[in-house]
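Notes for the one structure printed next.
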Amino acid sequence: MVIGSAASSSLAGIQNGLQNMDMAATQIASPRNDDKTEPLLEMQQAARDTEANVRALETANEVQGTLLDVKV
């Protein structure tokens, strides 16, 4: 089912975004890293990616709910 595939892709994207935020946070917290600019930008991008995937998952859930309402 296409909706299930969209939900799975969204969940994988959310997980990937959270992992990227975690890696960026580790780089920011590292005392060896003097330039925090790149990890901060990476964290912002990961947050945007995660938010986009959350919205895609919400949309897939809404479409699935609508299809169930129409079927019943």
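Quick notes on this structure:
- Along the chain, the longest continuous region that contains none of the trypsin sites (Lys or Arg not before Pro) in a DSSP loop with at most 14 other C-beta atoms within 10 Å is 37-72.
- Helix 2-29 and the long axis of the chain differ in direction by around 10°, with both axes built from C-alpha atoms.
- Each Lys and Arg adds +1 at its Cβ and each Asp and Glu adds -1 at its Cβ; summed about the Cα centre, the chain shows a dipole of about 160 debye.
- Projecting the Cα positions of ALA52, ILE28, GLY4 onto the charge dipole of the chain (unit charges on Cβ atoms of Lys, Arg, Asp and Glu, taken about the Cα centre) puts GLY4 furthest along the positive direction.
- Summed over qualifying helices (DSSP H, 4 residues or more, each -39500 (n - 2.57)) and divided by its residue number, the chain shows a 222 nm mean residue ellipticity of -31500 deg cm²/dmol.
- Given (1) 1.14; (2) 1.23; (3) 0.94, the label whose value is Rg/Rh (Cα atoms, Kirkwood Rh) derived from this model: (2)
Read-outs: derived from the displayed coordinates by stated rules, not from any lab. Note that the coordinates shown come from a computational prediction; the quantities given were computed from them, not determined experimentally. Here Cβ is always computed from backbone atoms with ideal geometry, including for glycine, and neighbour counts include all displayed protein chains.
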